[in-house]
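The values are calculated or read from the model by the stated rules, or taken from the named source; none is laboratory data. Quick caveat, the model's predicted, so the values are computed rather than measured. Don't worry about glycine lacking a Cβ; one is built from the backbone with ideal geometry, like all the others, and counts go over all protein chains shown. In case anyone asks, the SASA skips ligands and DNA or RNA and just uses the protein heavy atoms, side chains included. Shrake-Rupley method; radii C 1.70, N 1.55, O 1.52, S 1.80 Å.
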Amino acid sequence: DKGIPISWAYVGLADSSYMLYPGVAAVPDGFDPLERPFYKLIAEERTTQHGPRWGAPTIDPFGQGLVLSCVQPLYTDTEELLGVAGVDVTFDFLIDELMTIEGLDGVDHYLLLDKFGKVIVDSAKRGNEYKAGRLRNRTIRITEYEIPEVVAAVKGARSGHDFVDTDAGEKLVYYNRLENSGWYFVAIGD
C-alpha cells in the first residue's frame, strides 16, 4: 500500500557495463559506473570480503535526491572482481515510511547514526533538496552528532536514553542499535 523502499536495483561491471531496474530513458552525460561511490566502496577495499555493505549518502544521478546504497561485490571463482550489485533507498522514503513513528507526540526529529556517531540520515533534512548534477559521483560528508552523550553511547555499542540540555531546553534522546547494520536509530524530543 505504501510502495517499496528500493528506488533502484543495479549492477555495474568492471568493463563499465551498467544495468539498472527500473530502466531510465537516458543516463546522464559522462556517466561511468566505475566512478560512482557504490562501485568505489567495493573496488577500493583491496580485499575480497563477501556480503553486503552500506555506503555513505550520495546524490542520485537520476534525480531521486539523496540515497543510501547497499552493495555487494561480484567475484569470479578466483576472487577477481567482476563488478558490484546494489540497491538504493531514498532518504525521503526512509524518513517518511521507516523512521517516523505515527502517534508519538513530542518528537522533534529522528536520525540514523553510524557506529561512530556520525549522522547518516536526519529527518529534518529531506533528501530531495539535493539534485543530480556536478556532485553526482561524490558522497555527502557526514558529521558527528552534536550530543556527546549519545556519541559516547554509540561508540560504546550501548542502547538507551538520556536527558540532555539543548538550545531548545531539556530533551529526551532515545538511541537503539540496529543489529543488522550496526547503525543506531535515534529519536529526540520532549
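A few notes on this one:
- Condition check for I120: at pLDDT 75 or above, closer than 19 Å to S7 by Cα and surrounded by 12 or more Cβ atoms within 10 Å (Cβ to Cβ): yes
- Cβ separations smaller than 8 Å between residues 6+ apart or across chains give the following pairs from region 161-190 residues that are open to solvent by 100 Å² or more (accessible area, probe 1.4 Å) to residues that are not in a strand (DSSP E or B): D190/G106.
- The residue of region 36-63 that is nearest to S16 (Cα to Cα), among those that are small (G, A, S) and open to solvent by less than 20 Å² (accessible area, probe 1.4 Å), is G55.
- Selection status of D32, within 23 Å of F93 (Cα to Cα), open to solvent by less than 50 Å² (accessible area, probe 1.4 Å) and of a type in the set (D, E): no
- Among the residues making up region 64-103, those that are outside any strand (DSSP E or B), open to solvent by 60 Å² or more (accessible area, probe 1.4 Å) and in contact (Cβ under 8 Å) with a residue 12 or more places away in the chain are Q64, E79, E97, L98, T100, I101.
- Selection count, region 57-86, where residues are among the small types (G, A, S) and out of contact with any Leu (no Cβ under 8 Å at 6 or more places or on another chain): 3
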